[in-house]
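A quick write-up on the structure given underneath.
The values are calculated or read from the model by the stated rules, or taken from the named source; none is laboratory data. In this text, all values refer to a predicted model and were calculated from it rather than measured experimentally. Cβ coordinates were reconstructed from backbone atoms using ideal geometry, including for glycine residues, and neighbour counts include every protein chain displayed.
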């Protein structure tokens, strides 16, 4: 266990004890998949009660999520997650660029915002929906006026009002087996050796948990994340080639 993981574990345990002893809700900022994996290990080891922790990312199917320590059943009252959704749109829609996740994230980072206060960024056409910690929402809406060369406007919204649906790009390719290292190698266009380094560096996640076993076999419906490359759903093989290889289908989150 490295020092960073020790710090994260201590932070989770401190929030848990504070909430348990004082009967008040405690919240984290947005957690990465690696952070959530550490929290999951604490729950599975019994150090934190599963019923006392809830995760929410503000957007349906969000990868980055906020953890809430505290239980309505224990406390007798509910406290909402401190998350707001900001919609970002071009001032002149027809002149807006086709922007990507890195463009919106870069514009936010240029405002001096901590990464942990920003959740998922969902893009559809020329609009984006960004989950943020509520204490940062006004600052972002007041100061985010340009993304790359596009002048933008920001407004607070809710997913119920304007649903930022998850969109996918379907990918298909041939692999020798459904081993995770074979699939990742194709997805990121790297050699098996290079991909093995990513496993050692704990940059591969399956269903939200760090996956260090590069020979594990993916199952239909598994959610695969490769840090720096994106998030995917493995839909399995649709047929086998004459040489015995597998033609697999994967959906990439856009």
Check off (1) out of contact with any helix residue (DSSP H, G or I) (no Cβ under 9 Å at 6 or more places or on another chain); (2) modelled with pLDDT of 95 or more; (3) surrounded by 19 or more Cβ atoms within 10 Å (Cβ to Cβ) for residue 106 and give me the number that stays unchecked. (3)
So, in the stretch 163-184, of the ones that are in contact with a strand residue (DSSP E or B) (Cβ under 8 Å, 6 or more places away or on another chain) and free of Cβ contacts under 8 Å to residues at least 60 places away in the same chain, which residue ends up surrounded by the most Cβ atoms within 10 Å (Cβ to Cβ)? 184
Against the condition under 16 Å from residue 166 (Cβ atoms), outside the structural domain of residue 137 (by TED's automatic domain parsing) and either out of contact with any strand residue (DSSP E or B) (no Cβ under 7 Å at 6 or more places or on another chain) or at pLDDT 95 or above (or both), how does residue 61 come out, does it pass? yes
Qualifying positions in the stretch 73-111 - farther than 14 Å from residue 144 by Cα, part of a helix (DSSP H, G or I) and in contact with a strand residue (DSSP E or B) (Cβ under 9 Å, 6 or more places away or on another chain): 93, 95, 101
Selection over the stretch 10-34 where residues are in a helix (DSSP H, G or I), more than 13 Å from residue 69 (Cβ to Cβ) and modelled with pLDDT of 95 or more yields a count of 1
For residue 249: the one exception among (1) in a loop (DSSP other than H, G, I, E, B); (2) surrounded by 15 or more Cβ atoms within 10 Å (Cβ to Cβ): (1)
Please go through the stretch 3-34 and give me each residue that is closer than 21 Å to residue 228 by Cα and loosely packed, with under 12 Cβ neighbours inside 10 Å, ordered by number. 4
Can you find, within the stretch 35-67, the residue that is farthest from residue 226 (Cα to Cα) among those that are out of contact with any helix residue (DSSP H, G or I) (no Cβ under 8 Å at 6 or more places or on another chain) and in a helix (DSSP H, G or I)? 44
